[in-house]
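Below: one structure, written as structure tokens.
The values are calculated or read from the model by the stated rules, or taken from the named source; none is laboratory data. Since the model is a prediction, treat every value here as computed from it, not as a measurement. Note that each Cβ is placed from the backbone with ideal geometry, even for glycine, and that neighbours are counted across all protein chains shown. Heavy atoms of the whole protein, side chains included, go into the accessibility calculation; ligands, DNA and RNA do not. Shrake-Rupley method; radii C 1.70, N 1.55, O 1.52, S 1.80 Å.
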Amino acid sequence: MEQRHLGRTGLRVSRIGLGTLTWGRSAEGPDESGAAEQLKTFWEAGGTLVDTADVYGGGEAEYLLGQLVGGLVPRQDLVIATKSGSVRDPDRRFDGSRGHLLSALDDSLARLGTDYVDLWQVHAFDPGTPLEETLQALDLAVSSGRARYAGVSNFSGWQLAKAATWQLAAPGVRTRLASTQMEYSLLQRGVEREVLPAALDLGVGLLPSSPLGRGVLTGKYRDGTPADSRGASPTMAGFVDPYLDDMACGIVDAVATAAQGLAVTPLQVALAWIRDRPGVVAPVVGARTSAQLSEALSVEPLTLPEEICRALDDVSAPVHRYPDHDWSTL
């Protein structure tokens with residue numbers, strides 16, 4: 001699999017990442033043997049970037065990954081990325097304080113069974129903590145060797161621009177942001193408004209999450225909700241529902257038409273489109289089964305023709321007006 005630099009850093013990652021959001025969830029995700037099969041399939045295809053978080057499965061996703069690394073796949077062959085900052089508190093969803101983040105990282109390392117993570121990400125912006133305090137946690141993690149690189153997740157455009165600029169203000173003292181992880185797909189192109197321009201300008205690599213529109217772009221929901229899908233799960237149905245409206249159906253139909261013309265699957269078309277967007281380093285794909293993951297990995301040799309890319313761009317184009325467009329054209 002092709003390797004790409006993560007932002008303006010020396011770290012190289014596979015251009016498809018393996019997501020573990022549902023690992024450790026008994027109903028929606030793979031069990032230990034299924035996770036092992038996924039990780040081995042991913043590694044054998046040349047995949048390196050494995051993304052997790054301390055809240056996935058209540059920590060079970062990290063623990064499960066830690067059980068597999070070393071014995072099944074060599075640690076040095078993987079780029080392990082995790083996130084900290086989300087908390088199970090109804091009054092405070094995110095805690096970006098230095099104390100919480102560094103403590104959470106130590107807990108993640110213990111579950112993962114490793115001395116360091118390759119990429120440590122702040123899971124979300126915390127308005128209750130000064131941003132410079134949050135970012136200092138990243139500096140301390142890297143300087144102590146507990147993280148090799150640092151990034152953020154779910155930061156808006158101004159938040160990303162402020163954070164990345166702050167980190168560049170004192171070279172050699174602060175850690176450059178390598179990445180930002182955001183939801184991005186043909187069904188969710190909001191990052192193109194401000195986040196992506198900021199990332200491109202500041203040399204921050206974009207890691208799209210839910211690149212298949214929470215599974216909807218595979219076409220599985222065109223004729224109803226399959227019984228074994230996330231959309232049929234009591235805990236995950238709300239995750240899928242927003243992408244089952246009329247506009248989404250039109251985009252899915254366009255993807256299916258393109259797939260038919262190219263003699264590939266809708267999944268392959270949707271994933272190739274997002275993988276090759278400007279600024280994108282590696283879409284992070286989560287799969288329920290190894291077979292689903294293998295289909296995603298089969299996209300490696302596929303490059304969409306320009307006319308199909310343009311057609312998909314048009315049918316899924318978000319409405320961006322002032323001030324995103326040149327005011328003189330309005």
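Key figures for this structure:
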{"item": "Spacing of the two label points (7 Å from each Cα toward its C-beta) at Asp77 and Leu200, in nm", "result": "3.6"}
{"item": "Region 201-244, Cα convex hull volume normalised per residue, Å³", "result": "97"}
{"item": "Region 87-189, relative contact order in percent, only Cα pairs under 8 angstrom and at least six apart counted", "result": "26"}
{"item": "Rh by Kirkwood over Cα pairs, then Stokes-Einstein D for region 232-330 at 1.306 mPa s and 10 °C, µm²/s", "result": "102"}
{"item": "Centre separation in Å (Cα based) which lies between region 248-326 and region 129-198", "result": "25"}
{"item": "Percent RCO, i.e. relative contact order, over the chain, from Cα pairs under 8 Å lying at least 6 residues apart", "result": "18"}
{"item": "Region 226-330: trypsin sites (Lys or Arg not before Pro) in DSSP coil with no more than 11 other Cβ atoms inside 10 Å", "result": "Arg321"}
{"item": "With every protein chain in place, region 158-263: carbon and sulfur % of accessible area (1.4 Å)", "result": "54"}
{"item": "Solvent exposure of the chain as accessible area per residue, Å², 1.4 Å probe", "result": "43"}
{"item": "Over the chain: helical MRE at 222 nm, DSSP H runs n ≥ 4 each giving -39500 (n - 2.57), nearest 500", "result": "-11000 deg cm²/dmol"}
{"item": "Net lengthening on full extension, Arg12/Arg222 (0.36 nm per residue, minus Cα-Cα)", "result": "71.9 nm"}
{"item": "Extension gain (nm, one decimal) between Glu60 and Glu32, 0.36 nm per residue minus Cα-Cα", "result": "9.0 nm"}
{"item": "Using alpha carbons only: equivalent-ellipsoid semi-axes of region 87-151, gyration tensor based, whole Å", "result": "20, 14, 9"}
{"item": "Binned Cα-Cα distance frequencies in region 141-209 - 5 Å width, integer %", "result": "4, 18, 29, 22, 15, 8, 4, 1"}
{"item": "Cα radius of gyration and Dmax for region 10-115 (Å)", "result": "14.0, 43"}
{"item": "Along principal axes, Cα extents of the chain, largest first, whole Å", "result": "57, 52, 40"}
{"item": "Inter-label distance for Ala237 and Ser156, nm, one decimal - labels placed 7 Å from Cα along Cα-to-Cβ", "result": "3.2"}
{"item": "Equivalent ellipsoid, region 127-264 (semi-axes from 5 times Cα gyration tensor eigenvalues, Å)", "result": "37, 17, 13"}
{"item": "The chain - charge dipole about Cα centre, Lys and Arg +1 at Cβ, Asp and Glu -1, debye rounded to 20", "result": "540"}
{"item": "Accessible surface of region 63-149 [probe 1.4 Å, protein heavy atoms]: carbon and sulfur percent", "result": "46"}
{"item": "Spin-label model distance (nm) - Asp246 vs Ala263, 7 Å beyond Cα toward Cβ", "result": "3.7"}
{"item": "Potential extension, Met1-Arg92 segment - 0.36 nm per residue separation minus Cα distance", "result": "28.8 nm"}
